Amino acid sequence: MGLPLKPLAAFALLREFQAISGESASLAVAGPGELAGVLRRELARGGDASAVVAGWKGASGLIWVQAGPLSDADREELRAANADRVPIVAVIVGSTGAGGAVGADQRLPYVLATDHVPVGPGEAFPVGKIALAVGRRLGERSSGLAARLPALREGICDSLVKNAAKRNAMVGSAIPVPGADLPVLALTQVRLVLRIAHAHGEPVDTKRLPELLGVVIGGLGLRGIARQFAGSLGPGWLVKGAVAYGGTRAIGEAAIRYFERRSPVDPPAAPPLPPLG
């Protein structure tokens, strides 16, 4: 059986990513009071401070920090950002919902319920959870932010891996023709490795081609395992979906470890938030 992703296709994908890696991603952090400024400093630690801005126009995404009631002016600002199709994540300081979650009465308009991150009074900003939320909201576009802001890198890479694994699980379980899913699975896995490389500030060039072909070959072996056990461990579609999910996660996590060794980042611990009031 030939490779599911031809070298020329991988080369074309590399050229696409070369253009993407030249783009300048930025993240807006806004909201009333001083807490937005505190979070801007936290996200910029160890990275490119110019990637964190106060105004959302032209930014890749917006983190809105809210403590207390939302004013009419703030509501209008959120409405305008949403109308401009800027992805929004809300960080709610002083959350009082069950288990520390954001209560329904504290959720902000124009922000999905799943895109609210709770912060208890006096607690440090949960940068990891915020990074996960940013990764979910921005998808593949978040890799550019991770490249410039190492504080977000771990959470964004984790989100990239989860999203790619879920996508491949659906593909693996939905396509019944043997081998027909391989090109799609391989393409997703290659894109994942490229995004993780991008997130770690690695150059995306033709030197990556041998690594990407290794990803394809590894994925091909995993699909062979799925075909071997399909029907013996359960419904074939379920086994194929599970192997596609697990294999994509394994490839993504291995890529994270590989690029972490090349560009280790250990940002200092976040200080507690200033008292409210």
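Brief remarks on what is shown
- Within the set LEU5, LEU78, LEU13, the sole residue that is surrounded by 18 or more Cβ atoms within 10 Å (Cβ to Cβ), in contact with a Pro (Cβ under 8 Å, 6 or more places away or on another chain) and either among the polar types (S, T, N, Q) or modelled with pLDDT under 90 (or both) turns out to be LEU5.
- Taking each residue of the range 36-59 that is without any contact (Cβ under 8 Å) to a residue 12 or more places away in the chain and over 12 Å from SER26 (Cα atoms) and looking for partners that are in a strand (DSSP E or B) and among the hydroxyl-bearing types (Ser, Thr, Tyr) with beta-carbon atoms closer than 9 Å, six or more apart or interchain, yields nothing.
- Residue within the range 85-100 that is surrounded by fewer than 15 Cβ atoms within 10 Å (Cβ to Cβ), farther than 21 Å from PHE259 by Cβ, touching a strand residue (DSSP E or B) at 6+ places or on another chain (Cβ under 6 Å) and modelled with pLDDT under 95 present: yes
- Near pairs, Cβ below 8 angstrom, 6+ apart or cross-chain, from the range 126-148 (surrounded by fewer than 20 Cβ atoms within 10 Å (Cβ to Cβ)) to any residue that is basic (Lys, Arg): GLU140/ARG191; GLU140/ARG195
- Of the criteria (1) surrounded by fewer than 17 Cβ atoms within 10 Å (Cβ to Cβ); (2) more than 29 Å from ARG148 (Cα to Cα); (3) modelled with pLDDT of 80 or more, which one ALA244 fails: (1)
The values are calculated or read from the model by the stated rules, or taken from the named source; none is laboratory data. All values reported here derive from a predicted model rather than from experimental measurement. Using ideal geometry, Cβ is built from the backbone for each residue, glycine included, and neighbour counts are taken over all protein chains shown.
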